[in-house]
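Asks: Have a look at the structure that comes next, please.
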Amino acid sequence: MNIVIAGMTCSGKTTLANIIKQNFKDALVMCEDDYMKDLKDMPHLRGYYLMDVPSSYHLKEFKSDVKDLLVNGKALYPLYDVRHNKRLGKYKPIFKKNINIFEGLHTIYALDQIENLFKIFMDIDAEICLKRRIMRDAKIYGANPKDTEKYFNEIIRNIFHTHIEKQKDMADIVIKKEDDVKCLVRKLPNFY
């Protein structure tokens, strides 16, 4: 089974991917974030880095690696330093599993031409995502909560509506609240 998880920043994509991986031991997770461009190569707007737009990612490479994994059974996965927003120039081999999970902001759109993917969209309330983003940015980058909130409200919300939200119509399942995650994980074996 091949699962794609997309949604707004801090909507629970990685958490869901890891819950599935923990419940079904023969599982692999590939994160779109590991295909992010170096900070110096990201687009800007009004002094902000536009980290959530498709052009901030090596999406062609991500799609190619997913195809390699699914067709050839293996791929080379890039290593990315999230704290410094920089690719390390190193790769690790990964191998196809019974359950392959691909998660990230744009994964449904990026992988739309690959067949036999079960697509999940995390449609969690933006205020919940904002609270999680504030905590994440403070922990990883030492970011000021007011700066994160301003960035979220001025940039991320617009990027979500312009680039990410449209994937909801392409999804097989839309998750709107945390309780839906538990129900989905219990039902997954029925989708094989």
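Asks: Sort through ILE128, ILE101, ILE114 and tell me the only one that's crowded, with 20+ Cβ neighbours inside 10 Å and either closer than 27 Å to LYS168 by Cβ or modelled with pLDDT under 90 (or both).
Replies: Of ILE128, ILE101, ILE114, the one residue that is crowded, with 20+ Cβ neighbours inside 10 Å and either closer than 27 Å to LYS168 by Cβ or modelled with pLDDT under 90 (or both) is ILE101.
Asks: In this structure, is ILE156 exposed (fewer than 13 other Cβ atoms within 10 Å of the Cβ), part of a helix (DSSP H, G or I) and hydrophobic (A, V, I, L, M, F, W, C)?
Replies: Working: exposed (fewer than 13 other Cβ atoms within 10 Å of the Cβ): no; part of a helix (DSSP H, G or I): yes; hydrophobic (A, V, I, L, M, F, W, C): yes.
No: the conditions fail for ILE156.
Asks: Give all pairs with beta carbons closer than 6 Å in which a residue from segment 68-80 that is within 16 Å of GLU32 (Cβ to Cβ) meets a residue that is at pLDDT 95 or above and of a type in the set (Gly, Ala, Ser); count only pairs at least 6 apart in sequence or on separate chains.
Replies: Correct list of pairs: ASP68/ALA75; LEU69/ALA75.
Asks: Same structure, new question: Out of everything in segment 1-46 that is in a helix (DSSP H, G or I) and of a type in the set (Asp, Glu), what residue ends up being modelled with the lowest pLDDT? Outline the logic, then answer.
Replies: The first filter runs over segment 1-46 and keeps only residues in a helix (DSSP H, G or I), leaving 13-23, 32-35, 39-41.
Okay, now just the ones that are also of a type in the set (Asp, Glu), so 32-34, 41.
On the way: GLU32: 96, ASP33: 93, ASP34: 94, ASP41: 88.
The residue in question is ASP41.
Asks: Inside segment 110-130, can you point out the residues that are among the acidic types (Asp, Glu), closer than 16 Å to THR15 by Cβ and touching a helix residue (DSSP H, G or I) at 6+ places or on another chain (Cβ under 8 Å)? Working first, answer last.
Replies: Narrowing segment 110-130 to residues among the acidic types (Asp, Glu): 112, 115, 123, 125, 127.
Those still in the list that are closer than 16 Å to THR15 by Cβ too: 123, 125.
Within segment 110-130, ASP123 is the sole residue that qualifies.
Asks: Hey, another quick one. Would segment 56-65 turn up any residue that is of a type in the set (Ser, Thr, Tyr), assigned to a strand (DSSP E or B) and surrounded by 13 or more Cβ atoms within 10 Å (Cβ to Cβ)?
Replies: Scanning segment 56-65 turns up at least one residue that is of a type in the set (Ser, Thr, Tyr), assigned to a strand (DSSP E or B) and surrounded by 13 or more Cβ atoms within 10 Å (Cβ to Cβ).
Asks: Additional query: For PRO145, all conditions in the list (1) under 19 Å from the mean Cα position of the chain (by Cα); (2) farther than 15 Å from MET30 by Cβ; (3) not charged (D, E, K, R) hold save one; what is the number of the exception?
Replies: (1)
The values are calculated or read from the model by the stated rules, or taken from the named source; none is laboratory data. Values in this document were obtained by computation on a predicted structure and should not be read as measured data. Backbone-built Cβ (ideal geometry, glycine too); neighbour counts: all protein chains shown.
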